[in-house]
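Engineer: What follows is a structure written as structure tokens; I'll ask about it next.
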Amino acid sequence: MSGTLDGKGGTPGSEPPVVTPVVTQRHVTSQEFRAAFRAAELGMAVVDRDGLVRTANDALGALLGTDPARLQDSPAAEFTGLTEDSRTWSAYRDVLLGRRDRLHCTRRLRPAAGQGVWAEVTVTPLPETRDALLSVADISDRRDLRARLRHLRMHDPVTRLPNRSLFFERLAAALATTTVAGGSGRIGLCYLDLDGFKAVNDTLGHGAGDRLLGAVARRLTECAAPGGHLVARLGGDEFALLVEESRGTEQLVDLAASVQSALSRPFEVSGQRLAVSASIGVVERPAAGTHATELMQAADTTLYWAKADGKARWTLFDPERNAHRVTRQTLSSTLRPAVEREEFDLQYQPLVGLGDGVVRGVEALVRWHHPQFGTLAPNRFIGLAEETGAIVPLGRWVLATACRQARRWQLDHPCEPLVVSVNVAVRQVWDSDLVADVAGILAETGLPPSLLQLELTESAVMGSGGRPLQQLQALSDMGVAIAIDDFGTGYSNLAYLSRLPVSTLKLDGSFVHGFRTQEHPNPADETIVEALVQLAHRLGLTVTAECVESAEQAERLGRIGCDTGQGWFYSRPVPAERISALLSTGVRS
Ligand code: C2E
Ligand code: MG
Ligand code: MG
């Protein structure tokens, strides 16, 4: 030992500067050093070139739970865990061989008895000897404190659940691992929001609100525990359950359903029994190529759908519905230029006499051939067109195109008069001079007014006084027929309609669907339709049934007294040429 701790060197490699007062004092004896070594609170050992302990102090013995004398001649690398990875091991060898100044690392020591301790291990060569000094500092307390601070930072104090930060950390880690692992993994998320939580806060106070959140958190934790899923409070009354290794949609749906049923049991909070429900957005997809923000956006959208669909339910992410949401924006902004570019086209669906099978007319149904999204049905854009006002130029184009086509059929088949029925949106009645437009188009195309029918919905004409009523009256006076579309979905006020210049009721498809099949006839529906038809006839209206899909429906509608039928049983909406062909070959169905 002597000579190894003679204190001559100070810091390895640095010659003591002559002017420093400390160094000009007398040299510390090796005895004094030995005493300091023994008394130090820092665990230390002197090791030889081979890494065997020459001597260890009491502090190191205490740290390792052993008598320091028993450490003598044992390989220090073993009790300090320096053999655990090859980089540390080779750095350690270099220090022992004097090829390197210092090794510093953090290790978890595992003494034979007692708890493991986290330690900072430092190894430096001892100058002028072939030994090295190894010191081991217990940093468990520091680490514990750091861990406790991190826990506080990453958890929500109200529910004790992981908070938003931890949730995103775990989500990012899960996505990163699965991506690295080759991309076959899947990830799932239930994103939930309590329905009506604000009311609890407002009426019972924030204390009760917090207790309710705590109770909800416990039930969520119970649901997630069997699968070991992460439950986090993302803020307010929003929670998330993360399924890091999803087995598929079904697993997520089961989880969402179990959450729903767990929350359906009433809660006891502040002496009150509270009924709580949640809306849940469920997203499940391959982890590869999925980004955390994208996943959360999908979850957010899906949660919004669950709320919009009536709350207290889970809803599964639907890419088509999402695309719908995304394209709404695009469609809305490109509608007007599309009218100018004539990206629209009309299809025609026959209106057939139920008694004789004669095609009496056709309904013009608009389609949009969108350069990016392909052919779009009207339910994708008519509403948008109404919102933006683009329905006015679009409606004018539809009217002109349908009338031009009808005039051509009239000229080609003068003996088979065919009425063209054109849908008119509310806004066209209010925001444009519909009467002038119709008059102008009839004059321009030469179509007799009697071959034009305009379809308006009940809501468009109900309560109409003033201008709309005058317009309807003027159109009717001109000889144009007015039909009420989708009758039965609105007010269904026949008495009111009798005072308007309406000539036809188009019974909404839902009535016809209500007829059911031969095996399960629904006499109530038939009775209602029959009464409606009789009443309409009494008021001088003709009745068209929409959505006739089977021969049986056609037969029964005919028996009840409906005048005409429209639907897939006769024909889907088709291009004008197909109607022309039908007229050429005879109109009997
Ligand atoms: P609508 O006026 O009630 O038109 C009938 C709708 O029912 C059409 O859908 C038609 O394809 C569909 N249909 C026909 N037969 C059957 C059947 O047997 N079964 C079923 N399930 N459906 C059938 P489409 O073409 O998608 O039109 C939807 C709605 O869009 C129309 O309902 C109408 O309100 C509106 N629309 C269409 N074209 C125009 C237009 O040029 N202007 C305005 N303002 N609205 C239009
Ligand atoms: Mg219609
Ligand atoms: Mg309709």
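Engineer: Tally up the residues in region 340-360 that are within 45 Å of the chain's Cα centre (by Cα) and within 16 Å of ligand 1 (Cβ to nearest atom), please.
Structural biologist: Of the residues in region 340-360, 11 are within 45 Å of the chain's Cα centre (by Cα) and within 16 Å of ligand 1 (Cβ to nearest atom).
Engineer: Taking only region 79-97 into account, find how many residues are at pLDDT below 90 and out of contact with any Leu (no Cβ under 9 Å at 6 or more places or on another chain).
Structural biologist: Of the residues in that region, 3 qualify.
Engineer: Now for a different question. Please go through region 540-589 and pick out each residue that is surrounded by fewer than 17 Cβ atoms within 10 Å (Cβ to Cβ) and of a type in the set (D, E, K, R).
Structural biologist: Glu549, Glu552, Glu555, Arg559, Arg572, Glu577, Arg578, Arg588
Engineer: Still on this model: Taking the conditions exactly as written (under 18 Å from Leu365 (Cβ atoms), of a type in the set (Val, Ile, Thr) and either surrounded by fewer than 13 Cβ atoms within 10 Å (Cβ to Cβ) or modelled with pLDDT of 95 or more (or both)), does Thr527 satisfy them or not?
Structural biologist: No; evaluated as a whole, the condition is false for this residue.
Engineer: Any chance region 497-505 includes a residue that's at pLDDT below 90, surrounded by 13 or more Cβ atoms within 10 Å (Cβ to Cβ) and assigned to a helix (DSSP H, G or I)?
Structural biologist: yes
Engineer: Please go through (1) closer than 22 Å to Gly565 by Cα; (2) within 14 Å of ligand 1 (Cβ to nearest atom); (3) out of contact with any strand residue (DSSP E or B) (no Cβ under 9 Å at 6 or more places or on another chain) for Glu386 and return the number of the only condition it doesn't satisfy.
Structural biologist: (1)
Engineer: Here are the criteria: (1) under 29 Å from Tyr496 (Cα atoms); (2) touching a Gly at 6+ places or on another chain (Cβ under 6 Å); (3) at pLDDT 90 or above; (4) in a helix (DSSP H, G or I). Tell me which single one Arg407 does not satisfy.
Structural biologist: (1) is the only condition that Arg407 fails.
Engineer: Testing Val429 on (1) at pLDDT below 95; (2) within 16 Å of ligand 3 (Cβ to nearest atom); (3) β-branched (Val, Ile, Thr), one condition comes back false. Which one is that?
Structural biologist: Condition (2) is where Val429 drops out.
Residue by residue, here is whether (1) assigned to a strand (DSSP E or B); (2) of a type in the set (Gly, Ala, Ser); (3) in contact with an Asp or Glu (Cβ under 8 Å, 6 or more places away or on another chain) holds:
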{"position": "Asn322", "(1), (2), (3)": "no, no, no"}
{"position": "Gln329", "(1), (2), (3)": "no, no, no"}
{"position": "Thr334", "(1), (2), (3)": "no, no, no"}
{"position": "Val339", "(1), (2), (3)": "no, no, no"}
{"position": "Gly357", "(1), (2), (3)": "no, yes, no"}
{"position": "Arg360", "(1), (2), (3)": "yes, no, no"}
{"position": "Val366", "(1), (2), (3)": "yes, no, yes"}
{"position": "Gly383", "(1), (2), (3)": "no, yes, no"}
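The values are calculated or read from the model by the stated rules, or taken from the named source; none is laboratory data. Computed from a prediction, not measured in an experiment: that's the story for all the values here. All Cβ positions, even for glycine, are placed from backbone atoms using ideal geometry, and neighbour counts span all protein chains on display.
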